[in-house]
Amino acid sequence: MNEFCTICKEETNVPEDRPVSERRFYVEAAGQLCRTCFYESYHPTPEDLAGRALSDIQTHEVFKNPWSKE
């Protein structure tokens, strides 16, 4: 019997008796995921990364204008 994806409930090609250390797309505390759910959940797009980087930069004091009245 194979494992089921914990997100979409589709059957994966991972046997239930395979140790988690030998599984692909296994997430600790979440369980076994299918390939699609794994990449959708844990691999952000370049646009996501750029947006996060920009918001991180904007929160650092060193990038703020010292003469700004904000």
| What length, rounded to one decimal in nm, is gained on full extension from Ser68 through to Glu11, with 0.36 nm per residue of separation minus their alpha-carbon distance? | 14.9 nm
| Radius of gyration and Dmax over the Cα atoms of the range 1-50, both given in Å | 12.0, 41
| said: Just to be sure I understand the model, the point goes 7 Å from the Cα along the line to the Cβ. What's the resulting Ser21 to Ala50 distance in nm? | reply: 4.2
| field | Ala30-Tyr42 pseudo-label distance in nm [points 7 Å out on the Cα-to-Cβ vector] | value | 0.6
| query | To the nearest 10 square angstrom, how much accessible area does Thr36 have with a 1.4 angstrom probe? | reply | 80
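The values are calculated or read from the model by the stated rules, or taken from the named source; none is laboratory data. Values in this document were obtained by computation on a predicted structure and should not be read as measured data. Counting neighbours? That spans all protein chains shown, and the Cβs are built from the backbone with ideal geometry, glycine included. For the accessible areas, the whole protein counts, side chains as well, though only heavy atoms, and no ligand, DNA or RNA atoms are used. Shrake-Rupley method; radii C 1.70, N 1.55, O 1.52, S 1.80 Å.
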